[in-house]
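Engineer: Dropping the structure in here first, questions after.
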Amino acid sequence: VQLQASGGGLVQTGGSLRLSCAASGSMFSISAMGWYRQAPGKQRDLVAAITIGGLTNYGDSVKGRFTIFRDVAKNTVYLQMNGLKPEDTAVYYCAARRRSNWSTWGQGTLVTVSS
């Protein structure tokens, strides 16, 4: 599977952005898709994930502000980000989990939240 992420940009505090991740190729054994982020000097952390069955989970720092959802027909996963804060500034990566491993990564898309 190949992942193509898009939708990053510059936004002011309190603003919104929507990221998209389009998957192509074989989805065999893909159990979930999700978004991770990495800020400068920090580790890459899970932001949100959605399983093939539609179950979602979120990182504690984004609960209530971010929503992950998908368009199954388009093989696309979205991350709606509302109430953005400067601490949300990071490179966001789309990822696919094959069985139990997050083994496929898209290119990152930069989200910058100005204060």
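Condition check ((1) of a type outside the set (D, E, K, R); (2) farther than 20 Å from G9 by Cα) across all residues:
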residue	(1), (2)
F28	yes, yes
S31	yes, yes
A48	yes, no
T56	yes, yes
G64	yes, yes
V72	yes, yes
L79	yes, no
G83	yes, no
D88	no, no
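Engineer: State all residues of the stretch 1-47 that are in a loop (DSSP other than H, G, I, E, B), touching a Lys or Arg at 6+ places or on another chain (Cβ under 9 Å), open to solvent by less than 70 Å² (accessible area, probe 1.4 Å) and closer than 14 Å to N75 by Cβ; if no residue qualifies, say none.
Structural biologist: V1
Engineer: Continuing with this model, one more query. Based on what the data block shows, is R65 of a type in the set (D, E, K, R), open to solvent by 70 Å² or more (accessible area, probe 1.4 Å) and at pLDDT 95 or above? Give the derivation first.
Structural biologist: On the way: of a type in the set (D, E, K, R): yes; open to solvent by 70 Å² or more (accessible area, probe 1.4 Å): no; at pLDDT 95 or above: yes.
Taking the combined requirement at face value, the residue does not satisfy it.
Engineer: Tell me whether the stretch 95-105 contains one or more residues that are under 11 Å from the mean Cα position of the chain (by Cα), of a type in the set (G, A, S) and open to solvent by 30 Å² or more (accessible area, probe 1.4 Å).
Structural biologist: no
Engineer: Another question about this same structure. Check whether at least one residue in the stretch 56-68 is within 11 Å of the chain's Cα centre (by Cα) and over 22 Å from T112 (Cβ atoms), and report yes or no.
Structural biologist: Checked against the condition, which is being within 11 Å of the chain's Cα centre (by Cα) and over 22 Å from T112 (Cβ atoms), the stretch 56-68 yields no hits at all.
Engineer: Based on this model, can you work out whether V77 counts as open to solvent by less than 30 Å² (accessible area, probe 1.4 Å), touching a helix residue (DSSP H, G or I) at 6+ places or on another chain (Cβ under 6 Å) and either under 17 Å from A5 (Cα atoms) or not in a loop (DSSP other than H, G, I, E, B) (or both)?
Structural biologist: The answer is no for V77.
Engineer: Right, next: Of everything in the stretch 106-115 that's in contact with a strand residue (DSSP E or B) (Cβ under 7 Å, 6 or more places away or on another chain) and over 15 Å from C21 (Cβ atoms), which residue is surrounded by the fewest Cβ atoms within 10 Å (Cβ to Cβ)?
Structural biologist: So, considering only residues that are in contact with a strand residue (DSSP E or B) (Cβ under 7 Å, 6 or more places away or on another chain) and over 15 Å from C21 (Cβ atoms), the one surrounded by the fewest Cβ atoms within 10 Å (Cβ to Cβ) is S114.
Engineer: Given the options Y36, Y58, Y78, Y92, name the one that is free of Cβ contacts under 8 Å to residues at least 24 places away in the same chain, hydroxyl-bearing (S, T, Y) and in contact with a strand residue (DSSP E or B) (Cβ under 6 Å, 6 or more places away or on another chain). Show your work before the answer.
Structural biologist: Working: Y36 fails: free of Cβ contacts under 8 Å to residues at least 24 places away in the same chain; Y78 fails: free of Cβ contacts under 8 Å to residues at least 24 places away in the same chain; Y92 fails: free of Cβ contacts under 8 Å to residues at least 24 places away in the same chain.
From the options Y36, Y58, Y78, Y92, the qualifying one is Y58.
Engineer: Oh, and also: Output the residue which, of all residues in the stretch 48-74 that are among the β-branched types (V, I, T) and assigned to a strand (DSSP E or B), is nearest to A5 (Cα to Cα). Talk me through it step by step, then tell me what you get.
Structural biologist: Of the residues in the stretch 48-74, the ones among the β-branched types (V, I, T) are 50-52, 56, 62, 67-68, 72.
Cutting the leftovers down to assigned to a strand (DSSP E or B) gives us 50-51, 56, 67-68.
On the way: I50: 16, T51: 18, T56: 19, T67: 16, I68: 14 Å.
Applying the filter and picking the extreme gives I68.
The values are calculated or read from the model by the stated rules, or taken from the named source; none is laboratory data. What you see is a predicted model; the values in this text were computed from it and never measured. Note that we place each Cβ from the backbone using ideal geometry, even for glycine, and neighbour counts take in every protein chain shown. Heads up: the accessible areas ignore ligands, DNA and RNA and are worked out on the full protein's heavy atoms, side chains in. Shrake-Rupley method; radii C 1.70, N 1.55, O 1.52, S 1.80 Å.
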